[in-house]
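Heads up, the thing below is written out as structure tokens.
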Amino acid sequence: MLPFIFMEFFRSFISIGGMLILISTVNWIFLLFAVVFFSILFGVRMMYMPTGRTLKRLEAMTRSPLIGHLNASVEGLTTIRAYKAEEILRDEFDKHQDLANSSYYMMMTTKRAFGFIMDFMGSMFILFIILVLLFVDTQTSVGNVGLALTQVFMLTGYLQWAVRQWADLENCMTSVERVLEYTDVTQEDRKGGSLNDWPSKGSIKYENVSLSYNSDRKVLRNVCFTVNPMEKIGIVGRTGAGKSSIISTLFRLYECDGRILIDDVDIRTVSINFLRKSISIIPQDPIIFEGTIRNNLDPYKIYTDKEIWHVLEKVRIKDLIPTLDDQILSLNLSTGQKQLLSLARAIIRRNKIVVLDEATANMDEQAEELVHELIEENFLDCTVVMIAHRLSTIMHCDKVMVMDNGRVVEYDTPKNLLENKDSLFYSMTQQANMNS
Ligand SMILES: Nc1ncnc2c1ncn2[C@@H]1O[C@H](COP(=O)(O)OP(=O)(O)OP(=O)(O)O)[C@@H](O)[C@H]1O
């Protein structure tokens, strides 16, 4: 849209210049009329522009929530139907739509009003020229009158078009303004190199790590702990305790205070890309990319077909997949099966550190059991950090870390923590037993 408007504006601008020269050859007084006419048009445009620009911005701002709401509703259609929340969602959609339409309507009416004033001014200009030719400058030859009239008809048309394009050009610049806002977003520091065979052991050490998303409140406070190579640790805590924030700092999603060492190397000294490639994560909602099974498991084309089939067999979904070149979406995999695919992706990469962020939260007990079996089988020589809401999930872990209000309050074997009746972990298990 923007390049087209830009081109049209300049084309009209140059044509107008040519026409003005032609008209003034008939009678120089027409040039004076044109100056007055131009000045009035410019004044009207100056009055319209701030409103036009603001309304355009408003229209774009009110359209985004409408589209966002529509996308979210389509994605969560099954949940909406399950909770019979159609009415609520429809009402919300109507509110968004009313808001978007009212700003769109205002934008269109002011645009039309501006157009109307342009047309009116153009007609006045033509009228003046005709009146001058009829009553004042009666000596002009018929040829010149014809020339002046055809040019002035074209000129007013072009002028209105040029002014509208000019206004549209400025309005469209609000889109550029919105895009430019993204250029101000702080970029991640991508400096730092990579290391050979790192991490080879898989130890993790947090030294006085503190994190705050907004400067006012710390969500991690002087967190210190060590995970030895090949240990399996479970992180538990009430909601908002800071469990996911620990993972965010491990992947350097946010810069934090203190030091995080993996195999005694400060993770700030390696590049972010290398760090993130070196740790595998299995999130709560399995991430599946559009494309083939092969692309999903091996996007960098590193592994052989045999290796991919082998890992699919390990996670027990080989039988569901006819060929590696099948489109993943055509297979209609369930959430649990997608999670197994996610697990396969982590297994094939053979990273020494694997993070599971509530990976089994959406699974039934049987599927959860299978995932734990697979973890024990395949990540035996890896360090595994597991965040869990269900306490049963982390009972098999070597150690349990209990978080509370951004601090590590307990860190010991599940057995030791359960033996201590005063521990927070003990009271959490009691609470869980009471609820079940
Ligand atoms: N991106 C963010 N921006 C601002 N605050 C955030 C952000 N992510 C988390 N928080 C806040 O940080 C605190 C810790 O959140 P975190 O997600 O680490 O807790 P959690 O223990 O994983 O919770 P849950 O079990 O509900 O996932 C919470 O108070 C949360 O509101």
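Table for the structure above
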read-out: Qualifying position, being in contact with a Pro (Cβ under 6 Å, 6 or more places away or on another chain) and buried (at least 20 other Cβ atoms within 10 Å of the Cβ), among Val354, Val384, Val400, Val371; value: Val400
read-out: Filter result for Val408 (among the β-branched types (Val, Ile, Thr), modelled with pLDDT of 90 or more and touching a Cys at 6+ places or on another chain (Cβ under 8 Å)); value: yes
read-out: Tally of residues being within 13 Å of the ligand (Cβ to nearest atom) and buried (at least 18 other Cβ atoms within 10 Å of the Cβ) across the stretch 219-233; value: 3
read-out: Verdict on Ile281 being surrounded by 16 or more Cβ atoms within 10 Å (Cβ to Cβ), closer than 12 Å to Ile387 by Cα and in contact with a Phe, Trp or Tyr (Cβ under 8 Å, 6 or more places away or on another chain); value: yes
read-out: Residue match in the stretch 259-274 (condition: within 15 Å of the ligand (Cβ to nearest atom), modelled with pLDDT of 90 or more and crowded, with 20+ Cβ neighbours inside 10 Å); value: no
read-out: Options Val179, Val163, Val145, Val152; residue that is surrounded by fewer than 14 Cβ atoms within 10 Å (Cβ to Cβ), assigned by TED's automatic domain parsing to the domain that holds Phe33 and either within 16 Å of the ligand (Cβ to nearest atom) or of a type in the set (Val, Ile, Thr) (or both); value: Val179
read-out: Residues that are surrounded by fewer than 18 Cβ atoms within 10 Å (Cβ to Cβ), among the β-branched types (Val, Ile, Thr) and closer than 16 Å to Ser24 by Cα, drawn from the stretch 109-131; value: Ile126, Ile130
read-out: Residue count, the stretch 250-270 (criterion: more than 18 Å from Lys191 (Cβ to Cβ) and either under 23 Å from the mean Cα position of the chain (by Cα) or among the small types (Gly, Ala, Ser) (or both)); value: 2
read-out: Sole residue being more than 28 Å from the chain's Cα centre (by Cα) and crowded, with 16+ Cβ neighbours inside 10 Å, chosen from Phe37, Phe42; value: Phe37
read-out: Residue that is surrounded by the fewest Cβ atoms within 10 Å (Cβ to Cβ) [pool: residues in the stretch 196-216 that are in a loop (DSSP other than H, G, I, E, B) and more than 14 Å from the ligand (Cβ to nearest atom)]; value: Asn196
read-out: Verdict on Val163 being within 27 Å of Ile130 (Cβ to Cβ) and out of contact with any strand residue (DSSP E or B) (no Cβ under 9 Å at 6 or more places or on another chain); value: yes
read-out: Boolean, Tyr182 is of a type outside the set (D, E, K, R) and in a strand (DSSP E or B); value: no
read-out: Helices (runs of 4 or more DSSP H) contained entirely in the stretch 1-111, each with at least 3 residues that are at pLDDT below 95 and within 20 Å of Cys172 (Cβ to Cβ); value: 2-26, 29-75
read-out: Close pairs (8 angstrom Cβ cut-off, 6 or more residues apart or separate chains): assigned by TED's automatic domain parsing to the domain that holds Trp161 in the stretch 3-25, of a type in the set (Ser, Thr, Tyr) anywhere; value: Ser12/Tyr158; Ser15/Tyr158; Ile16/Tyr158; Met19/Tyr158
read-out: Pairs where the first residue, in the stretch 344-364, is over 10 Å from Asn378 (Cβ atoms) and the second is away from the ligand (no atom under 14 Å from the Cβ) and basic (Lys, Arg), C-beta under 9 Å, 6+ apart; value: Arg349/Lys277; Asn351/Lys277; Lys352/Lys201
read-out: Helices (runs of 4 or more DSSP H) contained entirely in the stretch 263-372, each with at least 3 residues that are under 22 Å from Phe251 (Cα atoms); value: 272-278, 335-349
read-out: Any hit, the stretch 403-416, residues being within 37 Å of the chain's Cα centre (by Cα), β-branched (Val, Ile, Thr) and surrounded by fewer than 18 Cβ atoms within 10 Å (Cβ to Cβ); value: yes
read-out: Residue in the stretch 237-247 that is in the same structural domain as Val354 (by TED's automatic domain parsing), part of a strand (DSSP E or B), more than 8 Å from the ligand (Cβ to nearest atom) and surrounded by 15 or more Cβ atoms within 10 Å (Cβ to Cβ) present; value: no
read-out: Cβ pairs under 6 Å, 6+ apart, first in the stretch 173-184 and closer than 12 Å to Lys56 by Cα, second at pLDDT 85 or above; value: Thr174/Lys56; Thr174/Arg57
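The values are calculated or read from the model by the stated rules, or taken from the named source; none is laboratory data. Small disclaimer: the values here were computed from a predicted structure and weren't measured. Reconstructed Cβ throughout: ideal geometry from the backbone, glycine too, with neighbour counts over all protein chains shown.
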